[in-house]
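One structure is given here, and the rest of the page talks about it.
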Amino acid sequence: MSWTADAGARTAAVLTVSDSVVAGSRQDGSGPAVAEALEKAGYQVVRREAVPDERNHIENALVGLCEQARLVVTTGGTGVATRDVTPEATLSICDREVQGIGERMRAEGVKKTPLAALSRALCATRGTSLVLNLPGSPQGATESLAAVIDLLPHALDLLAGKTAHSESK
C-alpha cells in the first residue's frame, strides 16, 4: 500500500454513498457536515467524493481514499434497505473490524431515536487507515461521529505503531 500522507498525520477523507446525490437529484448535506465536524476536530480533510450505492464503486473509492488519508469516513448506505451495502463494501476491503465503535454509535443514537438500532454502521481497519461508516442523514451522521470522535486519535496512533503505554498511577 503506497502512502502519500505521513502515517502520523490527522488526514481524513469523506465518501458520500448516495444514488440521488450522484444523479444530481439531491444535494449532499451529510458529506459537508461530516467534513466540517472533522475539520473542527483537527483533521485535514484531503478529499471528498460521492459514489452510487453500488458495492464495487464503494470498494474502489475506499481503497483509493485509504491511500490518501488515515481516516476515511463514509456517510450513507448503512441501513437495512436492499441497496444499503456500505458495511459489506467496507468489510470486503478492510483487514479487521473494530466492533466497539459501531456499538458506541448505536448506543448513543438510540438515546435520541429508536431507529438508530437499525443502523449497520461499522468501523474497520485497512493497513494504517481507519474506515468509519456513518448514517446518511446529516443529523445522524454528525451525531454518530460525535459519539466516537474522541476514540479516533488513539485508534489511529495504534495503527501507526504508537503502542507504548503510559504509566498510570
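Structure data summary
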{"quantity": "One residue from Ala61, Ala121 being touching a strand residue (DSSP E or B) at 6+ places or on another chain (Cβ under 6 Å), modelled with pLDDT of 95 or more and not in a loop (DSSP other than H, G, I, E, B)", "calculated": "Ala61"}
{"quantity": "Sole residue being surrounded by 22 or more Cβ atoms within 10 Å (Cβ to Cβ), farther than 16 Å from Ser144 by Cα and in contact with a helix residue (DSSP H, G or I) (Cβ under 8 Å, 6 or more places away or on another chain), chosen from Thr90, Thr75, Thr16", "calculated": "Thr90"}
{"quantity": "Sole residue being closer than 23 Å to Pro153 by Cβ and either among the hydroxyl-bearing types (Ser, Thr, Tyr) or over 14 Å from the mean Cα position of the chain (by Cα) (or both), chosen from Thr82, Thr16, Thr74, Thr86", "calculated": "Thr74"}
{"quantity": "Enumeration of residues in region 93-116 that are assigned to a helix (DSSP H, G or I), among the aliphatic types (A, V, I, L, M) and out of contact with any helix residue (DSSP H, G or I) (no Cβ under 6 Å at 6 or more places or on another chain)", "calculated": "Ala107, Leu115"}
{"quantity": "Test for Ala23: is it among the hydrophobic types (A, V, I, L, M, F, W, C) and either farther than 20 Å from Leu152 by Cα or out of contact with any helix residue (DSSP H, G or I) (no Cβ under 7 Å at 6 or more places or on another chain) (or both)", "calculated": "yes"}
{"quantity": "Whichever residue in region 22-35 is under 14 Å from the mean Cα position of the chain (by Cα) and not hydroxyl-bearing (Ser, Thr, Tyr) and, among such residues, is farthest from Gly64 (Cα to Cα)", "calculated": "Ala33"}
{"quantity": "Pair list, Cβ < 8 Å and 6+ apart or interchain, from region 18-35 residues that are closer than 15 Å to Pro135 by Cβ to residues that are part of a helix (DSSP H, G or I) and hydrophobic (A, V, I, L, M, F, W, C)", "calculated": "Asp28/Val21; Ser30/Ala141; Gly31/Val21; Ala33/Ala141; Val34/Ala141; Val34/Leu145"}
{"quantity": "Those residues of region 131-159 which are outside any helix (DSSP H, G or I) and over 25 Å from Arg83 (Cβ atoms), in sequence order", "calculated": "Ile149, Asp150, Leu151"}
{"quantity": "Subset of region 63-87 (residues that are hydroxyl-bearing (Ser, Thr, Tyr) and touching a residue at least 60 places away in the same chain (Cβ under 8 Å))", "calculated": "Thr74, Thr75, Thr86"}
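The values are calculated or read from the model by the stated rules, or taken from the named source; none is laboratory data. Only a predicted model underlies this, so the values are computations on that prediction, with no experimental measurement involved. With ideal geometry, Cβ positions are generated from the backbone for all residues, glycine too; neighbour counts draw on all protein chains shown.
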